[in-house]
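Here the structure comes first, spelled out in structure tokens, and everything after it is commentary.
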Amino acid sequence: MHRKSKKAIVLLSGGLDSVTTLAVAQAENYDCYTLSFDYGQRHRAELTAAAKISAEKGALQHKVVNINLADFGGSALTDESIAVPNVEHEGIPITYVPARNTVFLSLALAWAEVLKINRIFIGVNAVDYSGYPDCRPAFIEAFETMANLATKAAIEGNAMKIETPLIRKTKAQIIQMGLELGVDYHQTVSCYQADKNGYACGVCDSCRLRRQGFFDAGIDDQTLYQHR
């Protein structure tokens, strides 16, 4: 198979946003290495989805890095003693995982240097999202600045760019974009407490945002729910 000259690392959780981001990167003619994290989250269904989608989309390599953020806890996603909320709350929700995107991007940066790649794609969003501080433009800009101060590659002239194609789009716009790029959202898992088969709970914050996105886009909800 003929390979493109442009290469990128795509952070791939297996959820709606990250899979759309992979589709965008490939549409921009990047050959992609996909990177997922087994970080002590409540379920592994999203990791299964990420591996399957990465293979189907022809990624050059799919890597799963194990980092147990459950050792620290502090989040409903990594601490079984904290319930995943079923209602919307003011402020930053308990599903925020401390420093998660900082850790993820740092490890992606390390792999990028090894592979001599200067593009990292991440599907963060600052419009229809849960209010996480590490999904905002200011964080991405600061991380990119840090990356270009901290890496041998950047110091030698190969500056790093963090690509965030979804950051200013609504969930509906993301879904519409993904469908135009051929994303099969049935395969994606966004739910914070999905079952082992990837079926969504339908009541957590992630499910609420996802369902509203399909509604606003005027598209049938393609999520697989546990109680249907």
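Positive-end ranking of A194, G182, A99 along the dipole of the chain, with charges on Cβ about the Cα centre, is headed by G182. Only one residue of Q61, L109, A147 has its Cα farthest out toward the positive end of the dipole of the chain, where Lys and Arg carry +1 and Asp and Glu -1 on Cβ, and that residue is Q61. Annotation: extensible slack from Q226 through E56 equals 58.7 nm (criterion: 0.36 nm per residue apart, minus Cα-Cα distance).
I'd like the distance separating the alpha-carbon centroids of segment 33-73 and segment 154-202, in whole Å. If you average the Cα positions of each part, the centres end up 13 Å apart.
Candidates I82, L22, S206 compared by Cα position along the dipole of the chain: farthest toward the positive end lies L22, with charges placed on Cβ.
Between amide H atoms placed 1.01 Å from N, distances below 5 Å from F121 occur with I9, V10, L11, E163, all of them 5 or more places distant or on a separate chain. Within the set of other residues whose C-beta is less than 10 Å from the C-beta of S130, count the net charge using Lys and Arg as +1 and Asp and Glu as -1. Net charge in that neighbourhood comes out at -2.
Dipole size in debye (nearest 20) for segment 7-183 around its Cα centre, Lys and Arg Cβ +1, Asp and Glu Cβ -1?
Details: 15 positive and 19 negative charges, 80 e Å.
Result for segment 7-183 is approximately 380 debye, rounded to the nearest 20.
At a threshold of 8 angstrom on Cα-Cα distance, excluding pairs fewer than six apart, so keeping six or more, what relative contact order does the chain reach in percent? Write down the numbers at each step before the final one.
Numbers: 420 pairs, mean separation 51.8, N = 228.
It comes to 23 percent, rounded to a whole number.
With K and R counted +1 and D and E -1, the other residues having a Cβ less than 14 Å from that of R42 yield a net charge of -3. For D31, nonlocal amide neighbours, meaning residues 5 or more places apart or on other chains whose placed amide H falls under 5 Å from its own, are K4, K6, K7, A8.
Using equal-weight Cα scatterers in the Debye expression, the normalised intensity of the chain in log10 at q = 0.10, 0.14 Å⁻¹ is -0.43, -0.87.
Can you put V189, V114 in order of Cβ neighbours within 10 angstrom, beginning with the fewest?
Taking fewest neighbouring Cβ atoms as first place, the list is V114, V189.
Considering the chain as a Gaussian network with a 10 Å cut-off on Cα pairs, which listed residue, F215, F143, F37, attains the greatest mean-square fluctuation? Largest GNM mean-square fluctuation: F215.
If you take every residue apart from K52 with its C-beta less than 12 Å away from the C-beta of K52, what net charge results, scoring Lys and Arg +1 and Asp and Glu -1?
Details: positive: K57; negative: E46, E56, D184.
Value of the local net charge: -2.
Ordered by the number of other Cβ atoms lying within 10 Å of each residue's own Cβ, fewest first, M160, M177, M146 fall into the sequence M146, M177, M160.
How about segment 83-121: which trypsin sites (Lys or Arg not before Pro) there lie in a loop by DSSP and see at most 14 other Cβ atoms within 10 Å? Could the numbers behind the result be given before it?
Working: sites: R100, K116, R119; in loops: K116.
Loop-located and lightly packed - K116.
Amide H to amide H distances under 5 Å link D38 with V65, N66, I67, where only residues 5 or more positions off or on other chains count and H is placed in the peptide plane.
Coordinate-derived values only; no laboratory data. Being a predicted model, the structure only gives us computed values, none of them experimental. Cβ: placed from backbone, ideal geometry, glycine included. Neighbour counts: every protein chain shown.
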